[in-house]
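Worksheet: the structure to be examined is printed underneath.
The values are calculated or read from the model by the stated rules, or taken from the named source; none is laboratory data. Remember, it's a predicted structure, so these values are computed and weren't measured experimentally. In this analysis, Cβ positions are derived from the backbone assuming ideal geometry, glycine residues included, and neighbour counts consider all displayed protein chains.
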2 protein chains.
Amino acid sequence: MKKKMYFIIFGANGDLTKRKLLPALYNIKNKTQNSPEIIATGRRAYTTKDYINETKEPVSSFLKQDYDKEKTEEFLNAIEYQRIEFNDKETFISLKDFLSKQNNIEDIDIIYYLATAPEFFETVSQNLREAGLTESKNSVRRAVFEKPFGRSLENASKLNSSLSSVFSEKNIYRIDHYLGKEMLQNILFIRFANCIFEPLWSKNHIESIEIISEETQGIGTRGGYYEESGALKDMIQNHLMQMLSLIAMEPPEKINAEHIKAEKLKVFKSMKLYDKNPEDCIIRGQYTAGEINGKKVPAYRDEEKVSKESMTETYVSLKLRLDNDRWQGVPVYMHHGKRMPRTGSEIRINFKSCSCEGYFEKMPQPNILIIKVQPDGGIYFRINAKEAGTENSIIPISLDYCHACQNIGNIPEAYEVLIKDSLEGEKMLFTGWEELKATWQFTDTISEAFKTDKIKMNFYKAGTKPE
Amino acid sequence: MKKKMYFIIFGANGDLTKRKLLPALYNIKNKTQNSPEIIATGRRAYTTKDYINETKEPVSSFLKQDYDKEKTEEFLNAIEYQRIEFNDKETFISLKDFLSKQNNIEDIDIIYYLATAPEFFETVSQNLREAGLTESKNSVRRAVFEKPFGRSLENASKLNSSLSSVFSEKNIYRIDHYLGKEMLQNILFIRFANCIFEPLWSKNHIESIEIISEETQGIGTRGGYYEESGALKDMIQNHLMQMLSLIAMEPPEKINAEHIKAEKLKVFKSMKLYDKNPEDCIIRGQYTAGEINGKKVPAYRDEEKVSKESMTETYVSLKLRLDNDRWQGVPVYMHHGKRMPRTGSEIRINFKSCSCEGYFEKMPQPNILIIKVQPDGGIYFRINAKEAGTENSIIPISLDYCHACQNIGNIPEAYEVLIKDSLEGEKMLFTGWEELKATWQFTDTISEAFKTDKIKMNFYKAGTKPE
């Protein structure tokens, strides 16, 4: 018989829990045999009934096409609410009591999900430890931490040391929800289940790689967080670097957590700025007031909880290189910005130009493989063909595949994939400490460059791109 | 000022003229500045008016979406009809008189189009010569010959010698209308305007090549011709080998008639049966009575003008190899049959399997690039991706491009392309004598094998494939 498992959420009154975690757990419950008991915890003095009532509306609406009235009620009614005050050790002991009342606590598996601001990671972990909730000889005690994990190498290292005194690396699951996205998982399939790509996958045939993530959204109500983070730490250090690592890594010995993570780590360690002078390969920007879809939007400096003199970047563009044999000399561009003209994440593999001088009237455009991550996952291969009805004219055509169209409704959201993996102890899609260390190390060099005067701040109108 | 040009059709009462040549000439007239004066010739004692009346209905219907009442009348009314009896030299002299009456015959360009049975190629050519219509110091005298060009190397050589005494090789245009098809022309673009393909285009990455042309049609009223020809000489010796040559040739120095034809010739010369024993790499078949699309159809032996004991093949499947460095060891399959379950011509490039043992639950299927020639031209690239909503399951997906959809209505029919080229003296899409010699040489080895008992005749039910 499978053990009873508890999934305990810290920050259960937050947006993430209502928009992502509970809908994901609902789907896991409906799709699998073993779904965990859920305990929602928060500072508010709710009863379980209060919490369920409070949660019904948002969860139902975020379930979208998965919503079913009866199933949703059944799912929510099984949730228990426990008040936890992060700084109040007593509330952790109450949590333990609650668990002990119903079980022999040594016999249950527990997953802690910290959907809290990162400054509480340590306190919560330490208090769990002190309450005797983090160790068990027979059973699982795992902790899932939301990003961001640290703000610099130094800061992340301190945080990690502290958490490591509570949970072993094996039991720490650091979320980068991009890794749960179908199209990111698909990269491994595209690269390694198609033998036409491997021979082309190097400096010999690839001119450049672009990792792009653009959003029309601004920072919303996250001003407090964003002022500390900025575009670099919010997106580049994690999501964009993770995408790059999957694209650029060497074929692993096997497709499993151990080997994939080892190969990704090598990529992170090989990252360098492309040129000697940081100012030649870093652009930063901050949005000013402008228009998005015909609607006026405020400047970043006028957003809630943002300083009027803020020098936080909302746009970063980097030119990197990977200092290894496969990619020597191939520029890697990373672009991320808020309040861009469009929303979309994609990876563009730009192949080299043909050596077909004189073959055609005009030189053909280079081939491009685009892996579209969102909003609609898919693969677009731009090749050249004869323009129909002309004698010798080349036209770029697109060989398309819409992944999102394949099986609409059945594609699990990233959080569903990742929570399921956390329940099953599958770590391939989580970020290991060594990976984080390497990405922070490189990110720090860019943060340092920001502090000098050399990287000018480009103020761009919301809805446009920086020049 | 451009010279006046005459386009003189022999066999003007035949199907080909009405279905293909006149519609092509109509389109050329409407799309270009310079279109030729058309003289239709035939055995029948028609007046020009008779001919035009007789032709109006079929031409109009074969024009399909290009049909325009006024333009069609204008086009047809400009045609002149001349009676020609192939064996009657006087009628050729009358043709000359007709031309001389309106022109200084030295000042006009003439294209002869022999849409006749091949047994008349020599007679017509010789009679044109004797009438003084094949030589000119200042002007063009070209002859376009419909296929088939010969029935064996010996027979084709004899025919060619005879024609060469009238027209120089430079002025002989041998039609293989497949070469005028958009997707065949597109092969050069696909191969050479996309630098992702050239590195993959060899024995190192390609497992096999298939050239496929299947038809649900039987032989219709062409029994007399087909009994002599069979599937091998009707399709394989010309269309299928031409397709192969474009796929397999080395990159030419330039994309022009001289260099393309030189490279294609090398391919033809390198063709060998794959195995030592012809019976291991040749299959032949003949259709028996069966059903096509729910309609009963007769056996080949019961078709008009076909012998009841006929041993003519209506299906051929070959396994070849190309004896050169690029393709050493790669099997090339050619399949052609009448009364098959479906109609379609396509080229399949089957890539090698991945060396990704142990990466996925199941070994992925190999990548395939399909160039669909007809009925709807297009490109289909089969690659593997993650099956949406599964954890580790591979699904083959198709990156599609429909060429026919690109610019519907504007894609010229093969005959329009080829006639236009013949008017302009562009020979790239015509078959040179050296190419023919090489294809006949190889075809003869298969014909010889047919004569032995070793290659059994597979009788297959119409609407099915031979076992």
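Just need a number here: residues in the stretch B:341-365 that are under 24 Å from the mean Cα position of the chain (by Cα), buried (at least 19 other Cβ atoms within 10 Å of the Cβ) and either β-branched (Val, Ile, Thr) or facing another protein chain (nearest Cβ under 7 Å) (or both).
Residues meeting the conditions: 2.
May I ask you to list the residues in the stretch A:1-13 that are hydrophobic (A, V, I, L, M, F, W, C) and either under 24 Å from A:ALA117 (Cα atoms) or outside any strand (DSSP E or B) (or both)?
A:MET1, A:PHE7, A:ILE8, A:ILE9, A:PHE10, A:ALA12
Please go through (1) more than 14 Å from every other protein chain (Cβ to nearest Cβ); (2) surrounded by 15 or more Cβ atoms within 10 Å (Cβ to Cβ) for B:LYS276 and return the number of the only condition it doesn't satisfy.
Checking B:LYS276 against (1) more than 14 Å from every other protein chain (Cβ to nearest Cβ); (2) surrounded by 15 or more Cβ atoms within 10 Å (Cβ to Cβ), the one that fails is (2).
Among the residues in the stretch A:171-183, are any modelled with pLDDT of 95 or more, assigned to a helix (DSSP H, G or I) and in contact with an Asp or Glu (Cβ under 9 Å, 6 or more places away or on another chain)?
no
How many of the residues making up the stretch B:250-273 are touching a residue at least 12 places away in the same chain (Cβ under 8 Å) and either buried (at least 23 other Cβ atoms within 10 Å of the Cβ) or away from chain A (no Cβ under 14 Å) (or both)?
Number satisfying all stated conditions: 11.
For the stretch A:325-339, give me the residue count where each residue is on the phi > 0 side of the Ramachandran plot and out of contact with any helix residue (DSSP H, G or I) (no Cβ under 9 Å at 6 or more places or on another chain).
Residues that pass the stated criteria total 1.
Taking the stretch A:129-169 as the region of interest, how many residues are in contact with a Lys or Arg (Cβ under 9 Å, 6 or more places away or on another chain), farther than 19 Å from A:LYS233 by Cβ and touching a residue at least 60 places away in the same chain (Cβ under 8 Å)?
Going through the stretch A:129-169 one residue at a time, the tally reaches 4.
Show the residue pairs that are 6+ apart or on different chains and have beta-carbon atoms under 7 Å apart, the first residue being within the stretch B:107-128 and among the small types (Gly, Ala, Ser), the second being in a helix (DSSP H, G or I).
B:ALA115/B:LEU16; B:ALA115/B:THR17; B:ALA115/B:LEU21; B:SER125/B:LEU163
Which residues, taken from the stretch A:134-158, are surrounded by fewer than 21 Cβ atoms within 10 Å (Cβ to Cβ) and of a type in the set (A, V, I, L, M)?
Matches in the stretch A:134-158: A:VAL140, A:LEU153.
How many of the residues in the stretch B:170-189 are within 14 Å of chain A (Cβ to nearest Cβ), in contact with a helix residue (DSSP H, G or I) (Cβ under 9 Å, 6 or more places away or on another chain) and not small (Gly, Ala, Ser)?
9
Evaluate the stretch A:311-328: report whether one residue or more is surrounded by 14 or more Cβ atoms within 10 Å (Cβ to Cβ), within 14 Å of another protein chain (Cβ to nearest Cβ), among the polar types (S, T, N, Q) and closer than 22 Å to A:ILE187 by Cα.
No, every residue in the stretch A:311-328 fails to be surrounded by 14 or more Cβ atoms within 10 Å (Cβ to Cβ), within 14 Å of another protein chain (Cβ to nearest Cβ), among the polar types (S, T, N, Q) and closer than 22 Å to A:ILE187 by Cα.
For residues that are in a loop (DSSP other than H, G, I, E, B) and either within 14 Å of chain A (Cβ to nearest Cβ) or more than 20 Å from B:ILE368 (Cα to Cα) (or both), tally how many sit in the stretch B:329-340.
Qualifying residue count, the stretch B:329-340: 3.
When you go through A:LEU232, A:LEU240, A:LEU244 one by one, which is the residue that is in a helix (DSSP H, G or I) and over 30 Å from B:CYS356 (Cβ atoms)?
After applying the criteria, what remains is A:LEU232.
Return the residues of the stretch A:284-300 that are of a type in the set (A, V, I, L, M, F, W, C) and under 13 Å from A:MET340 (Cβ atoms); say none if nothing qualifies.
Within the stretch A:284-300, A:ILE292, A:VAL297 qualify.
Does the stretch B:103-111 include one or more residues that are over 27 Å from B:ARG174 (Cα atoms) and either modelled with pLDDT under 95 or in contact with a Ser or Thr (Cβ under 7 Å, 6 or more places away or on another chain) (or both)?
Scanning the stretch B:103-111, I find at least one residue that is over 27 Å from B:ARG174 (Cα atoms) and either modelled with pLDDT under 95 or in contact with a Ser or Thr (Cβ under 7 Å, 6 or more places away or on another chain) (or both), so the answer is yes.
Keeping to the stretch A:14-42, report how many residues are part of a loop (DSSP other than H, G, I, E, B) and modelled with pLDDT of 95 or more.
The total comes to 1.
Restricting to the stretch A:99-119, give me the number of residues that are assigned to a helix (DSSP H, G or I) and either surrounded by 16 or more Cβ atoms within 10 Å (Cβ to Cβ) or in contact with a Gly (Cβ under 7 Å, 6 or more places away or on another chain) (or both).
3
Filter the helices (runs of 4 or more DSSP H) completely within the stretch B:372-467 down to those with at least 1 residues that are more than 14 Å from chain A (Cβ to nearest Cβ) and not β-branched (Val, Ile, Thr).
B:414-424, B:433-451
Being among the acidic types (Asp, Glu) and over 19 Å from A:VAL373 (Cα atoms) narrows it down to one residue among A:GLU214, A:GLU228, A:GLU210; which is it?
Result: A:GLU228 is the single residue among A:GLU214, A:GLU228, A:GLU210 that is among the acidic types (Asp, Glu) and over 19 Å from A:VAL373 (Cα atoms).
Considering every residue within the stretch A:213-228, establish whether at least one is within 14 Å of chain B (Cβ to nearest Cβ), modelled with pLDDT of 95 or more and part of a helix (DSSP H, G or I).
no
Considering (1) over 20 Å from A:PHE197 (Cβ atoms); (2) among the polar types (S, T, N, Q); (3) at pLDDT 90 or above, say which one A:ASN367 fails and leave the rest.
(1)
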